[in-house]
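Reviewing the structure listed below.
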Amino acid sequence: LETVLTGIRSLYRQLTQLKFQSYLQLLSKKIRSNWQRNPNVERLRVLREDALPLRDRNINFSVKVIATKKYEEPKEKKSVDYDPFERKVCEKNYLASLSKTHALIYNKFPLVPSHVLVITKEMERQTSFINRNDFYAALKVLQAMNCFVFFNGGAAAGSSQRHKHLQAIPFDSFPNCNMPLNALVEATEENDAFVEGVKYTKVDAFKFKHVLCKFERGFMSKISCGSIEKQAKALEEIYMECQRRLGNSDLHLAYNFILTKNWFFVVLRKSEVALGVVKINGAGFTGSFAVGSEEELDFVMRQDPIQILQAVTFPA
């Protein structure tokens, strides 16, 4: 009898995992296929894009000149309580329910295709702690897409909306799918051993306050229907440990984080705008800047990208 029950339990786990994988495949297809057909998504127009090399490194950041949207006076004035992520407001951009607490929507004004937002279904502040429910939803998107997830924690970190949301952008938004930050992470040298699947360190090229948590091979790649809650809890603990190491356990400082299947990066922020020209959010630390004019582009192209990031962060 015990052998039969063991077989039934094993079969149930297999069927559940197949259902989970099918769900992820459908979610991926929906994100990719619906993006071009959604008339409510207004992709920002890139007028020009240049490569900004890091000094002494064979790595290029990208700088895009974005066409400025013509401002139109709204027909009705929005109240101070207006929430663009309320279900009835963002209905046309709604993609899927990710959990009881989170949903997936398109970014209404994306720079790249398939730029999506992981939002809380009920109002939660963007300045509140990221918790395991947030990571649970983010992990589903991370598994469904070849992407990274980032978060802007506070106005100084580039956040423009008060409703809590994480953002996901496909790696193919970078030339040859190569994220500059990933190259910097891989070039980082450390000798410490992994402890329970993780290793806390820093990116060698960055001389400002940040923490990098590397994942041991297989730590994130083996997420299944049965393990995703455990992984979400682990990420919540990693997130809190990073904040503790940065002296920001109470979130009194703005910050960004970036999450991939291989590492988790957190950086403290003192301001949003670098050198009076470049607005930097979490995506800026991945190696992608955006400016509003050719003049601003010419100015940025004379700078070192690391110095641009240093201008909006705290010295180490």
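Give me the tail of P(r) for the range 259-305 as a percent: Cα-Cα pairs with distance above 14 Å.
Numbers: 594 of 1081 pairs.
When every Cα pair of the range 259-305 is considered, 55 percent fall beyond 14 Å.
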- Message: Could you compute Rg(Cα) / (2.2 N^0.38 Å) for the chain, with N its residue count?
- Response: 1.04
- Mind checking which of Ser97, Met240, Gly284 is farthest towards the positive end of the chain's charge dipole, using Cβ charges of +1 (Lys, Arg) and -1 (Asp, Glu) about the Cα centre? Ser97
- Message: Explain nothing, just the number: relative contact order of the chain, from Cα pairs under 8 Å at least 6 residues apart, as a whole percent.
- Response: 20 percent
- Which residue, Leu251, Leu111, Leu47, has the most motion in a Gaussian network model of the chain that connects Cα atoms within less than 10 Å? Leu47
- Note on the structure: Amide H neighbours of Phe61 at under 5 Å, excluding residues fewer than 5 places away on the same chain, with H built from the backbone geometry, are Leu52, Leu54
- Message: Using amide H atoms built in the peptide plane, which far-off residues or other-chain residues are under 5 Å from Cys147 H to H?
- Response: Phe171
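Ignoring ligands, DNA and RNA, what percent of the accessible area of the chain is carbon or sulfur (1.4 Å)?
Details: 8390 of 16730 Å².
Accessible surface attributable to carbon and sulfur in the chain totals 50 percent.
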- Query: With charges only on Cβ, +1 for K and R and -1 for D and E, what is the dipole size of the chain about its Cα centre, in debye, rounded to 20?
  - Reply: 920 debye
- Query: Helix hunt in the chain: which complete DSSP H runs extend at least 15 Å axially by C-alpha with mean Kyte-Doolittle at least -0.5?
  - Reply: 132-144
- Amide proton proximity set for Ser271, modelled H, under 5 Å, gap of 5+: none
- Query: What number, in percent, do you get for the relative contact order of the range 182-316 if the mean sequence gap of Cα pairs under 8 Å and at least 6 apart is divided by its residue count?
  - Reply: 24 percent
- Query: So which residue, out of Gln243, Gln25, Gln167, gets the largest mean-square fluctuation from a GNM of the chain using Cα contacts under 10 Å as springs?
  - Reply: Gln25
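Per DSSP H run of at least 4 residues, take -39500 (n - 2.57); add these up for the chain, divide by its residues and hand me the 222 nm value, nearest 500 deg cm²/dmol.
Working: 6 runs with 88 residues, N = 316.
Estimated from H runs of four or more residues: -9000 deg cm²/dmol.
Step through the table entries Lys92/Lys233; Lys30/Lys64; Lys30/Lys279; Lys233/Lys270; Lys30/Lys108, compare each Cα-Cα distance with 20 Å, and write down the pairs that go over it.
Lys92/Lys233; Lys30/Lys64; Lys30/Lys279; Lys233/Lys270
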- Message: Could you give each residue of the range 115-131 its phi-based ³J(HN,Hα) in whole Hz, using Karplus coefficients 6.51, -1.76, 1.60 with θ = phi - 60°, and x for Gly or Pro?
- Response: 7, 10, 10, 9, 10, 7, 5, 9, 4, 10, 6, 5, 8, 7, 5, 7, 10
- Assigned charges on the beta-carbon of Lys, Arg, Asp, Glu; the range 78-234 dipole about Cα centre (debye): 440 debye
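Would you mind working out the accessible area per residue for the chain, using a 1.4 Å probe, and quoting it in Å²? Walk me through the intermediate numbers first.
Numbers: 16730 Å² over 316 residues.
The answer is 53 Å² per residue.
Per residue and in Å³, how big is the convex hull formed by the alpha-carbon atoms of the range 32-191?
On the way: hull volume 26.5 nm³, N = 160.
Taking only Cα atoms, the range 32-191 has a hull volume of 166 Å³ per residue.
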- Note on the structure: Comparing Ala157, Ala234, Ala137 in a Gaussian network model of the chain (Cα, 10 Å), the one with the largest mean-square fluctuation is Ala234
- Note on the structure: Per principal axis, largest first, the Cα atoms of the range 190-316 extend in Å by 52, 29, 28
- How far apart, in nm, are the 7 Å Cα→Cβ label points at Val46 and Val89? 2.9 nm
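The values are calculated or read from the model by the stated rules, or taken from the named source; none is laboratory data. For clarity, every value in this text was computed on a predicted model and none was experimentally measured. Cβ: placed from backbone, ideal geometry, glycine included. Neighbour counts: every protein chain shown. The area values use the complete protein model at the heavy-atom level, side chains included, leaving out ligands, DNA and RNA. Shrake-Rupley method; radii C 1.70, N 1.55, O 1.52, S 1.80 Å.
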